[in-house]
């Protein structure tokens with residue numbers, strides 16, 4: 001991390017926590033530090049890493065706020081309530097959960113849902129568990145999400161939010177499928193999947209995609225910009241081309257809403 005990045009991160013923390021917290025955060029000591037963030041509360045962050053920037057994206061810039069879908073938000077909420085009324089549990093998959101910022105956002109936005117937070121990096125997963133500890137409607141899986149089950153290794157990129165996943169039969173880290181993640185929630189029904197997996201979406205959307213047909217909302221960050229020439233979004237584009245979703249944009253993310261969700265609610269945004 002360069003000096004400019006550190007200064008920017010400290011300024012962000014100053015705005016969120018106040019000067020006393022900023023001093024504690026920048027002081028050398030334990031790499032995992034408890035702080036109180038405005039609009040978030042008490043969380044754990046690591047010194048000199050991307051953890052604070054992640055919380056800033058989620059809670060200050062509101063990058064997972066479904067208000068970005070405009071009139072479709074009402075239809076999305078209607079689907080959420082309909083799942084509950086059927087006696088089922090709305091399941092939110094947070095694939096690439098990092099340290100739990102998005103998980104906490106979804107817990108607060110959909111309090112009757114169960115969030116399955118999937119994070120392959122053990123260091124990130126340690127902080128993630130601290131940040132969601134005590135939340136009964138969150139399951140943490142230390143694994144990678146993939147199109148088919150198997151094994152993967154990790155490749156670092158300098159900051160924790162850029163950890164990349166690579167298929168490797170000799171590795172020890174598990175790669176699990178969406179169906180395996182969903183099976184961890186009794187009476188669960190897929191409602192929303194947030195997918196930010198640093199280019200490994202090429203693998204996820206190259207496998208069994210039956211799960212997509214029951215999802216109301218998919219929030220995906222594509223990574224062609226990070227890996228030009230590798231076509232990491234090609235399988236995603238092919239999968240979406242075969243399905244009836246409407247697309248919205250929020251910062252780095254594409255938000256897909258199933259057309260049947262819009263039609264069932266009578267939304268004026270529904271496709272013909």
### Task
Specify the residue that is farthest from the chain's Cα centre (by Cα); the eligible residues are those in region 155-198 that are surrounded by 18 or more Cβ atoms within 10 Å (Cβ to Cβ) and part of a loop (DSSP other than H, G, I, E, B).
185
### Task
Among the residues of region 132-171, write down those that are out of contact with any helix residue (DSSP H, G or I) (no Cβ under 9 Å at 6 or more places or on another chain) and farther than 20 Å from residue 204 by Cα.
133, 134, 136, 157, 158
### Message
Take residue 101 and tell me if it is touching a strand residue (DSSP E or B) at 6+ places or on another chain (Cβ under 9 Å), buried (at least 21 other Cβ atoms within 10 Å of the Cβ), closer than 23 Å to residue 211 by Cβ and at pLDDT 95 or above.
### Response
no
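Applying the selection to region 213-226, what residues are within 16 Å of residue 262 (Cα to Cα) and within 16 Å of the chain's Cα centre (by Cα)? Explain how you work it out, then say what you get.
Initial filter on region 213-226 (within 16 Å of residue 262 (Cα to Cα)): 213-218.
Result: 215, 216, 217, 218.
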### Summary
By residue number, the members of region 106-127 that are in contact with a helix residue (DSSP H, G or I) (Cβ under 8 Å, 6 or more places away or on another chain), under 17 Å from residue 197 (Cα atoms) and assigned to a helix (DSSP H, G or I) are 123, 124
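Within region 173-192, is even one residue in contact (Cβ under 8 Å) with a residue 60 or more places away in the chain and closer than 16 Å to residue 254 by Cα?
First, the residues of region 173-192 that are in contact (Cβ under 8 Å) with a residue 60 or more places away in the chain: 178, 181-182, 184-192.
Pick out the ones that are also closer than 16 Å to residue 254 by Cα and you get 192.
Within region 173-192, one or more residues are in contact (Cβ under 8 Å) with a residue 60 or more places away in the chain and closer than 16 Å to residue 254 by Cα.
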### Message
Being outside any loop (DSSP other than H, G, I, E, B), closer than 24 Å to residue 34 by Cβ, under 16 Å from the mean Cα position of the chain (by Cα) and touching a residue at least 24 places away in the same chain (Cβ under 8 Å) is the requirement here; does residue 97 meet it?
### Response
no
### Task
Return the only residue of 86, 129 being within 30 Å of residue 147 (Cβ to Cβ), in the same structural domain as residue 181 (by TED's automatic domain parsing) and under 20 Å from the mean Cα position of the chain (by Cα).
129
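The values are calculated or read from the model by the stated rules, or taken from the named source; none is laboratory data. Predicted model, so just to flag it, every value in this text is computed and none were measured. Don't worry about glycine lacking a Cβ; one is built from the backbone with ideal geometry, like all the others, and counts go over all protein chains shown.
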